[in-house]
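As C-alpha cells, the structure follows; a few thoughts come after it.
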Amino acid sequence: MKRHFLFALVLTLLYVCVGSAQQYPMMDMVANKIIQKYQNSTCEQLWEKKSQKAPPSQQEQNVIQMLKGDPQMRQAFINKIAAPIANKMFDCGMIP
C-alpha cells in the first residue's frame, strides 16, 4: 500500500513540475532569447545598447502587451530572466 502511494505521489509531483515548466512555451522561448542575448553580449555592447535606447520592435511590443495582460505569465517571465540579467549587469558595472 505504501509503495503504491509513494509511486502515485512521485507521479503527481512529476506531472506538476513538468506542467508548470511548460505552461508558457512562447514566454519560455522569448525569455531564453533575452537571456542568451545578455549572456553572449560583451559589457561594451550592453553599454552601447543602453545609450542608444531604440523604441521596441513590433514583436517586442506584442510580447509586452501579452505580459501586461497575464500577471501570472509576467511573474514567470520576470522570475526566469531576473537573475541572469542582473548578474550580467552587475558584472558589467551597470548596477552597484
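The values are calculated or read from the model by the stated rules, or taken from the named source; none is laboratory data. On a predicted model such as this, the values are computed, not experimentally measured, just so you know. Cβ coordinates were reconstructed from backbone atoms using ideal geometry, including for glycine residues, and neighbour counts include every protein chain displayed.
Identify all residues within the stretch 31-63 that are at pLDDT below 90 and β-branched (Val, Ile, Thr); write none if there are none.
Scanning the stretch 31-63 gives a single hit, VAL63.
Can you tell me which residue within the stretch 48-87, out of those that are charged (D, E, K, R) and assigned to a helix (DSSP H, G or I), is surrounded by the most Cβ atoms within 10 Å (Cβ to Cβ)?
LYS80
Scan the stretch 37-74 residue by residue and report those that are within 18 Å of GLY93 (Cβ to Cβ), among the basic types (Lys, Arg) and without any contact (Cβ under 8 Å) to a residue 24 or more places away in the chain.
Answer for the stretch 37-74, where residues must be within 18 Å of GLY93 (Cβ to Cβ), among the basic types (Lys, Arg) and without any contact (Cβ under 8 Å) to a residue 24 or more places away in the chain: just LYS49.
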